[in-house]
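K.L.:
Dropping the structure in here first, questions after.
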Amino acid sequence: MRLEPSELILNADSSIYHLNLQPEDIAHTIITVGDPDRVGAVSKYFDSIEIKKGKREFRTHTGLLNGKRLTVISTGIGTDNIDIVLNELDALANIDFDQKTKNENHIRLQIIRIGTSGAIQPEIPVDSFLLSEYAIGFDGLLHFYDSEPVLEKKIAEAFMRHSDWNHEKAHPYAAQCDPEMARIFVSNHIRLGVTATIPGFYGPQGRKLRLTPKDGGLNSKLASFRHENLKITNLEMETAGIYGLSKLLGHQAISLNCILANRVTGTFSKNPEKSMDTLIKSTLEKLTQ
Ligand SMILES: O=P(O)(O)O[C@H]1O[C@H](CO)[C@@H](O)[C@H]1O
Ligand SMILES: O=c1cc[nH]c(=O)[nH]1
């Protein structure tokens with residue numbers, strides 16, 4: 001079936017609408033970062049850079065490191081942006097832009113998020129690293145897709161029972177990382193955790209500047225939740241969307257978190273750039289070794 005111009009939206013140069021990229025511009029191994037300035041902080045370690053393109057908050061560099069082609073792209077903040085980035089990356093890999101039809105051969109992308117995050121367990125120090133084994137989304141994005149087969153329904157349901165969930169808010173959904181990719185990154189330097197993906201940084205993450213969150217106990221409910229041997233470890237704003245959409249689209253994803261804040265001890269990293277640089281270097285090493 002041919003996709004209409006209102007569905008597969010291409011720019012005048014046949015690049016995809018928001019990302020401004022053409023199919024040949026991306027590698028099959030893609031690092032996503034939230035902050036557009038972090039794109040250069042990753043690609044400065046490439047041996048060569050062949051593509052530098054961007055539009056809005058979506059900046060992309062593609063290059064080679066140790067003979068491996070890598071793309072790094074910024075997503076901006078939040079799962080609404082993740083919906084755009086994941087769908088457009090998938091279109092670049094799996095849709096024929098001339099025929100406007102789906103390709104017969106499916107290309108599976110490897111997606112690695114390198115992001116910042118806040119811990120909600122006291123034993124997780126700032127400047128440490130965490131791989132999200134599971135992510136629980138509080139933004140509702142995956143409920144707009146026929147996503148039931150890829151979601152971890154028991155985890156989401158157990159959390160709703162535990163927290164006596166207020167149904168004015170979107171229903172939580174849970175998704176797993178790609179275990180095969182996770183194995184590449186498991187090491188003494190990175191703990192495994194369950195990440196809560198929250199649709200906001202202030203009230204939704206229990207921060208109080210001039211406005212008071214409606215449910216001031218939400219972070220405590222997140223932190224005290226237990227399901228089998230799992231507990232929620234940290235808060236950020238993209239991982240559950242990446243995991244859920246990657247599974248639906250047939251891609252592999254993992255999310256690596258640089259813990260900058262600890263919300264229980266009230267601490268924040270004294271040198272976030274240094275911590276992030278350490279995580280970037282170790283990630284590139286694992287991806288290209
Ligand atoms: O550092 P990034 O990758 O943007 O990730 C985290 O930081 C942002 C909030 O400051 C949110 O996007 C959150 O997920
Ligand atoms: O506390 C934090 C730190 C980084 N990113 C978040 O979303 N929350």
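The values are calculated or read from the model by the stated rules, or taken from the named source; none is laboratory data. Just so we're clear, the structure is a prediction, and the values are computed from it rather than from any experiment. Every residue, glycine as well, gets a Cβ built from its backbone with ideal geometry; the counts of neighbours run over all protein chains shown. In case anyone asks, the SASA skips ligands and DNA or RNA and just uses the protein heavy atoms, side chains included. Shrake-Rupley method; radii C 1.70, N 1.55, O 1.52, S 1.80 Å.
K.L.:
Quick one: dipole size for the stretch 1-48, taken about the Cα centre, charges +1 on Lys/Arg Cβ and -1 on Asp/Glu Cβ, in debye to the nearest 20.
P.N.:
In total the dipole reaches around 100 debye.
K.L.:
Residue by residue through the stretch 111-122, what is 3J(HN,Hα) from phi via Karplus (6.51 cos²θ - 1.76 cosθ + 1.60, θ = phi - 60°)? Round to whole Hz and write x for glycine and proline.
P.N.:
Running phi through 6.51 cos²θ - 1.76 cosθ + 1.60 with θ = phi - 60° gives 10, 10, 8, 10, x, 9, 7, x, 7, 10, 10, x Hz.
K.L.:
Related question: In nanometres, what is the gap between the two model label sites at GLU4 and HIS28, each 7 Å from Cα along Cα-to-Cβ?
P.N.:
With each label point 7 Å from Cα toward Cβ, the separation is 3.4 nm.
K.L.:
With the crude spin-label approximation of a point 7 Å out along Cα→Cβ, what separation in nm comes out for HIS171 versus ARG69?
P.N.:
4.1
K.L.:
Here's something else I'd like to know. Given a Förster distance of 35 Å, report the FRET efficiency between SER14 and VAL186 from their Cβ-Cβ distance, rounded to the nearest 0.05.
P.N.:
So the FRET efficiency works out to roughly 0.30.
K.L.:
While we're looking at this one, here's another question. How large is the dipole of the chain about the Cα centre if only Lys and Arg carry +1 and Asp and Glu carry -1, each at its Cβ, rounded to the nearest 20 debye?
P.N.:
940
K.L.:
Most mobile of THR71, THR278, THR197 per a Gaussian network model of the chain (Cα springs, under 10 Å)?
P.N.:
For the chain, modelled as a Gaussian network with Cα springs under 10 Å, the answer is THR278.
K.L.:
May I pose another question? If N is the number of residues in the stretch 23-288, what value comes out of its Cα radius of gyration divided by 2.2 N^0.38 Å?
P.N.:
0.98
K.L.:
Roll a 1.4 angstrom probe over the protein heavy atoms and tell me the percent of accessible area of the chain that is carbon or sulfur.
P.N.:
50
K.L.:
First measure r as the distance between the Cβ atoms of ASP47 and GLU273, then evaluate 1/(1 + (r/R0)^6) with R0 = 25 Å and state the FRET efficiency to the nearest 0.05.
P.N.:
0.65
K.L.:
I've got another one for you. Given the options HIS171, GLY76, THR267, identify the residue whose Cα lies farthest towards the positive end of the charge dipole of the chain (+1 on Cβ of Lys, Arg; -1 on Cβ of Asp, Glu).
P.N.:
Most positive-ward Cα: THR267.
K.L.:
Each residue of the stretch 36-49 in turn: what ³J(HN,Hα) in whole Hz from Karplus with 6.51, -1.76, 1.60 and θ = phi - 60°, glycine and Pro shown as x?
P.N.:
For the stretch 36-49, the Karplus curve yields x, 6, 6, 4, x, 5, 8, 6, 5, 8, 5, 6, 8, 10 Hz.
K.L.:
Next question. Over the Cα atoms, compute the radius of gyration (one decimal) and Dmax (the largest Cα-Cα distance, rounded to a whole number) for the stretch 191-289, in Å.
P.N.:
Here Rg and the maximum Cα pair distance are 15.5, 48 Å.
K.L.:
So with the 1.4 Å probe, I'd like the accessible area per residue for the stretch 23-288, rounded to whole Å².
P.N.:
46
K.L.:
If you place +1 on the Cβ of every Lys and Arg, -1 on the Cβ of every Asp and Glu, and leave all else neutral, what size is the dipole of the stretch 143-289 about its Cα centre, to the nearest 20 Debye?
P.N.:
Computed charge dipole of the stretch 143-289: roughly 620 debye.
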